[in-house]
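Colleague: Submitted below is the structure of interest, expressed as structure tokens.
The numbers here are math on the coordinates, done by the rules we state, and not lab data. All of these numbers come straight from a predicted model, not from anything done at the bench. We place every Cβ from the backbone using ideal geometry, glycine too, and count neighbours over all the protein chains shown.
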Amino acid sequence: MTTPTADVTVMDVGGTTLRVGSFDASATGGLHGVRRTGVDGMVAHPGDSVAGIQRRVVEQIVREAERQYDTGAGSGPGRALGVAFAGPVGRDGTVLGAPTVWGEGGAPLPLQEILSARLSVPVVVVNDLTAAAWRYATAEPAPFCLLTVSSGIGNKVFRDGDVLLDAEGHGGELGHWTYDRSPDAPLCDCGGRGHLGAIASGRGVLAAVKRAAAADPLGYAGSSPARAGTTDPGSLTNPEVAAAVRSGDPFVTAVLRSTLVPLAAAVCAVFASIGVRRYVLMGGFALAVGARYRELLVEELVRQGCFGLTAAQVDTMVVLGAEDDDHGLIGMGRLVARRLGEHGGPREHEEHGRTERVTVP
């Protein structure tokens, strides 16, 4: 299979940060020239409508792509753009929803079609975790499940050479699995209550620590964040929470343990239903806590029990991903290189035992 003759511009659009870089698909290349900027989403424009934020995000992506081309990055006859986007994405590159970017509701956004027309280059748009899975596809020859714990929670299963999704992009949204069905369950960004992401994401853990501090002010007063000067739990941040867990703080660690109960239940369900025995942890919050996060999750998985597995087997099936935040960019570069033939033309590829022709829009 041939690959593009020049760098591919790659982007990772998250809830708060947009990452832009160039990816050289040659054997000696890789990711370079990465820039980070705030996303023109609901965090930056909390009073804007969903449609208004969608327009802002599209304009920002176009601006950043043109900036890459103006500086010579991602230019030449093999020029192309790959966008990893936080939210469910159909196979045609339509963003079906983006709770962390523009909040609840809104019409589906045909992002791939819009960008192709605006930039006149081949464009590939996929979910951010779908892109990230391609980073690990070569290193993980067995089927694996990629789990991200950041501002939200998501997952993707990579099996038989591809990410398991239906044509409309459904699949890999464990963060929107309803765990707590009580009427006062934590509110998710999508508008639902009791979703896994609302409970066990970085935001969910932070909210849980604040609730625990309000319920037990004396206990919080003895915690490491309080002793370090954050006496008002309302001003706590995720980095402080992560640092407290790494240092072994009992108060904050106990709260984190409670949020890992539903996450472990979700992992056990994935294992019990389809037998995937490899789970790669990534995402800003999980990686900020680091090895201790993996240890606590494994302890909870062992406590709940993965049917048919010993404690030692459970321990080996959970690993931490790379410590950088380039998962989506690197995976996007590899995926675009796979999809594009010379000059972005059609290619043949094997998928689930059949050969088909694919042309990048």
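Colleague: If I fit a long axis through the Cα atoms of helix 202-215 and take the longest principal axis of the Cα atoms of the chain, what angle between them do I get, 0 to 90°, rounded to 10?
Modeller: Tilt relative to the chain: about 20 degrees.
Colleague: Can you tell me the orientation of helix 50-70 relative to the chain, as the angle in degrees between its alpha-carbon axis and the longest Cα principal axis, to the nearest 10?
Modeller: 60
Colleague: Over the chain, what is the relative contact order in whole percent, taking alpha-carbon pairs under 8 Å and six or more residues apart?
Modeller: About 20 percent, as a whole number.
Colleague: List the extent of the Cα atoms of the range 172-305 along each of their three principal axes, largest first, rounded to whole Å.
Modeller: Each principal axis gives a Cα extent; for the range 172-305 these are 47, 33, 24 Å.
Colleague: Top mean-square fluctuation among Gly331, Gly154, Gly321, Gaussian network model of the chain, C-alpha springs under 10 Å?
Modeller: Gly321
Colleague: If one takes the longest principal axis of the Cα atoms in the chain, at what angle in degrees, from 0 to 90 and to the nearest 10, does the Cα axis of helix 327-339 lie?
Modeller: Roughly 30 degrees, rounded to the nearest 10.
Colleague: Please find, in a Gaussian network model of the chain (springs between Cα atoms separated by less than 10 Å), the residue of Leu296, Leu111, Leu263 whose mean-square fluctuation is greatest.
Modeller: Leu296
Colleague: Another question, then. Tell me what the chain gives for mean residue ellipticity at 222 nm when only DSSP H runs of n ≥ 4 count, each as -39,500 (n - 2.57), the sum divided by the residue total, rounded to 500 deg cm²/dmol.
Modeller: -12000 deg cm²/dmol
Colleague: Follow-up. Among Cys306, Cys188, which comes first, second and so on when ranked by fewest other beta-carbon atoms within 10 Å?
Modeller: In order of increasing Cβ crowding within 10 Å: Cys306, Cys188.
Colleague: Using Cα springs under 10 Å in a Gaussian network model of the chain, which residue among Val270, Val13, Val336 shows the largest mean-square fluctuation?
Modeller: Val270
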